[in-house]
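Student: First, the structure itself, so that you have it in front of you.
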Amino acid sequence: MIKGITWIHPVLSPADFEQLVSFFSALGFQPGRSWDQPSDRPGIAGRGRPFLAPLGNLELIDGQPPTAKTQLLVETTELDALHRVAAQWLARHGAETRIGPAEETHWKSRLFTAEPVPGFVVAFWEWLDPLRGRPLALEGDLTAAGMKFAVVVARWNAVITERLLQGALDALLRSGARRDDIQIARVPGSWEIPGAARQLAETRQFDAVVALGCLLRGETAHYEAIYNEVARGIGQSQQETGVPHSFGVLTCDTLEQALDRAGLKGGNKGFEAAAAAIEMVSLYRRIEEKSGSAGEPEAQNAGLAGRRA
Ligand code: DLZ
């Protein structure tokens, strides 16, 4: 049974590796299970960082390829949003010229190419016919410019939660949020997260709240009771204030598991929680636009926080 396709790209240098990991992370690719072989194992030493997509295929072409610039094509449903994020990333890395405009192709689609490191070109494209490639759904994108965020982070298990915080800030800043538009609030432990999240949401100054904490089963008496209450409280604050809250509270059996989820092996759940918050703000705005409320003069150009104020 065929299960999946992996396109392997050996990089030219460790610096290129870091650049490419940063680029694909910034675009919102889901990280896969990374691997590291220590350098004391000659012949097989190295590291790998997979980036996942819901679909993959191998396409054999006898004729004109989709673009002459690369054989790596990434199909998207939000080409313009992705172009903005890629352009911002390239500008931050002093490579603003290494991205092309989104242009129509000869195969009923639009495409742009980006070159995050010299010699590595990737093409992003989407179908022109929205019913062909785009899911019939309202969806948010990952552009955070102009959005305001509150990040509530628990001090308990700080070795983990500080990594979650770094991941969350990384996601927000890379997606275009301004440092001044991010308010960090520290609380003693996860138990205190819902209360602080609610207070912050009720100020109406933030488009979303990102909740970060770490509960370790082995070290926490009444773990289930605390976990349930923290999850319920964050969900309740989200529902009753109407402000999206994302859930970045790790619940692990051991510190080792938590470290894996805080950036070591299994991605960084803080990064993922922040990305979810951005997407939900974007989605809420689209729902509002679709329902017509964004057309009111006062609401134009205002973020969700502005509209609710
Ligand atoms: C008390 C406690 C314990 C035992 N374990 C954790 C934990 O694993 N993760 C966490 O975020 N907080 C823990 N806490 C602290 C509580 O969340 C809370 O801060 C204190 O009980 C004070 O109300």
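Student: Taking +1 at the Cβ of each Lys and Arg and -1 at the Cβ of each Asp and Glu, which of I5, T254, L131 sits farthest along the dipole of the chain towards its positive end, judged by Cα position relative to the Cα centre?
Tutor: Towards the positive end, the residue furthest out is T254.
Student: Another question, then. Between rounded, prolate and oblate, where does segment 166-267 land on the alpha carbon gyration tensor, with a ≥ b ≥ c its root eigenvalues, rounded for a/c under 1.5, else prolate if a/b exceeds b/c?
Tutor: oblate
Student: Compare the Cα positions of S175, A158, Q236 along the charge dipole of segment 129-244 (+1 at Cβ of Lys, Arg; -1 at Cβ of Asp, Glu; about the Cα centre) and return the one farthest towards the positive end.
Tutor: Of the candidates, S175 comes out farthest on the positive side.
Student: With every protein chain in place, what's the accessible area of W7 (1.4 Å probe, Å², nearest 10)?
Tutor: We get 140 Å² for W7.
Student: Something else about it: Assuming a ≥ b ≥ c are the square roots of the Cα gyration tensor eigenvalues, decide whether segment 1-100 counts as rounded (a/c under 1.5), prolate (otherwise, with a/b larger than b/c) or oblate.
Tutor: On the way: a/c = 1.72, a/b = 1.17, b/c = 1.46.
Oblate, since a/c reaches 1.5 and b/c is not below a/b.
Student: Amide H neighbours of V210 under 5 Å, counting only residues 5+ apart in sequence or on other chains, H built in-plane at 1.01 Å?
Tutor: Amide H to amide H, under 5 Å and 5 or more residues apart or across chains, V210 pairs with A150, V151, V152, S246.
Student: Now for a different question. Which of the trypsin sites (Lys or Arg not before Pro) found in segment 62-134 are in a DSSP loop and have at most 15 neighbouring Cβ atoms, other than their own, within 10 Å?
Tutor: Details: sites: K69, R84, R92, R98, K108, R110, R132; in loops: K69, R98, K108.
Loop-located and lightly packed - K69, K108.
Student: Would you mind pulling out the separation of the Cα centroids of segment 222-286 and segment 99-129, in Å?
Tutor: 34
Student: Given H placed 1.01 Å from N in the peptide plane, which residues other than close sequence neighbours of W156 have an amide H under 5 Å from its amide H?
Tutor: Placed amide hydrogens put G189, S190 under 5 Å from W156.
Student: Using the Cα atoms of the chain, I'd like the radius of gyration and the largest Cα-Cα distance, Dmax, both in angstrom.
Tutor: In Å, with Rg to one decimal and Dmax whole: 21.1, 65.
Student: With θ set to phi - 60° and the Karplus curve 6.51 cos²θ - 1.76 cosθ + 1.60, what are the ³J(HN,Hα) couplings of segment 243-253 in order, to the nearest whole Hz, using x for Gly and Pro?
Tutor: 9, x, 10, 9, 9, x, 9, 6, 10, 10, 7
Student: Out of G43, A277, F112, whose Cα points farthest toward the positive end of the dipole of the chain (charges: +1 Lys, Arg; -1 Asp, Glu; placed on Cβ)?
Tutor: About the Cα centre, the residue reaching furthest to the positive side is G43.
Student: Here's a follow-up. Rounded to whole Hz and in sequence order, give me ³J(HN,Hα) for segment 29-37 from the Karplus expression 6.51 cos²θ - 1.76 cosθ + 1.60, θ = phi - 60°, writing x for Gly and Pro.
Tutor: 5, 6, x, x, 7, 7, 9, 9, 9
Student: Still on this structure: Counting only protein heavy atoms and a 1.4 Å probe, tell me what percentage of the chain's accessible area is made up of carbon and sulfur. Don't skip to the end; give the middle numbers.
Tutor: Details: 9080 of 17220 Å².
Roughly 53 percent, rounded to a whole number.
Student: Now for a separate question. State whether segment 156-212 is rounded, prolate or oblate according to the following rule on the C-alpha gyration tensor (a ≥ b ≥ c being the square roots of its eigenvalues): a/c under 1.5 gives rounded; otherwise a/b larger than b/c gives prolate, and the remaining case gives oblate.
Tutor: Oblate shape, in that a/c is at least 1.5 and b/c is the bigger or equal ratio.
Student: Whole-Hz ³J(HN,Hα) for each residue in segment 261-273, computed from phi via Karplus 6.51 cos²θ - 1.76 cosθ + 1.60 with θ = phi - 60°, x for glycine and proline: what do you get?
Tutor: 8, 9, x, 7, 10, x, x, 10, 5, x, 4, 5, 5
Student: To the nearest 20 debye, what charge dipole does the chain have about its Cα centre, counting +1 at the Cβ of each Lys and Arg and -1 at the Cβ of each Asp and Glu?
Tutor: Values: 32 positive and 37 negative charges, 56 e Å.
With only Lys, Arg, Asp and Glu charged at Cβ, the dipole is about 260 debye.
Student: Using the crude model of +1 on Lys and Arg Cβ and -1 on Asp and Glu Cβ, and no other charge, please compute the dipole size for segment 149-307 relative to its Cα centre, in debye to 20. Write down the numbers at each step before the final one.
Tutor: Values: 17 positive and 20 negative charges, 44 e Å.
Dipole about the Cα centre, nearest 20: 200 debye.
Student: Given +1 on the Cβ of Lys and Arg, -1 on the Cβ of Asp and Glu, and no further charges, what dipole in debye does segment 137-200 carry about its Cα centre, rounded to the nearest 20? Please list the in-between numbers first.
Tutor: On the way: 8 positive and 7 negative charges, 43 e Å.
The calculated dipole for segment 137-200 is roughly 200 debye.
Student: Can you give the three extents of the C-alpha atoms in segment 103-182 along their principal axes, from longest to shortest, in whole Å?
Tutor: Largest first, segment 103-182 extends 55, 36, 24 Å along its Cα principal axes.
The values are calculated or read from the model by the stated rules, or taken from the named source; none is laboratory data. Source: prediction; values computed, not measured. Cβ atoms come from the backbone with ideal geometry, glycine included; neighbour counts cover every protein chain shown. Note: areas computed on protein heavy atoms with side chains; ligands, DNA, RNA excluded. Shrake-Rupley method; radii C 1.70, N 1.55, O 1.52, S 1.80 Å.
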